[in-house]
Amino acid sequence: MAKKIVKNITMSAKKPPRRPPMGERPGGPVIPPPMDAPDARVLDRLWATVLSRKDADPETSHSARLLSRGTAKIAQKFGEEAVECLIEAVGGHRTALIGESADVLYHLLVLWVDAGLRPEQIWAELSQREGMSGIAEKAARKPTLLGFVTTKIP
């Protein structure tokens, strides 16, 4: 009887099989065909819109309202949207993931405007990293604060 209980506990403690990420098949990632749809230039237009709302009336513009609340509130909102995006991704809810991804990108752009960043600065950074292994890129980074211990997952 004890063996059966131990076996049941062991069986229930096993991890479920790994589910491949959305859009991935055993033969590798699925690259969707080009769509006749808007492209990444929409981000530049959205950034310009958010920037134009920086001094707008917070009563009439959501972007102005967020910007008027300061960096901490903008960062908090970005974090909330990022978590919602992760939840939808883990749940495999593709349609909701699309909406939450748009929310994340919008709030990231608000954060950039608040910080005085331009999209070209981020695109230049991505361009520098292009073709470099993510592992090598991370190893080449200099610590931002000497003696600062990070709790980030490697």
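Taking region 125-138 as the range and being surrounded by 11 or more Cβ atoms within 10 Å (Cβ to Cβ) and outside any loop (DSSP other than H, G, I, E, B) as the test, the residues that pass are ARG129, GLU137, LYS138.
Of all residue pairs spaced 6 or more apart or on separate chains, those with beta-carbon atoms under 6 Å, a first member in region 116-137 that is closer than 30 Å to ASP55 by Cα and a second member that is assigned to a helix (DSSP H, G or I) and modelled with pLDDT of 85 or more are PRO119/ASP44; PRO119/TRP47.
The values are calculated or read from the model by the stated rules, or taken from the named source; none is laboratory data. Please read all numbers here as calculations on a predicted model, not as lab measurements. Neighbour counts run over all protein chains shown; Cβ positions are idealised from the backbone, glycine included.
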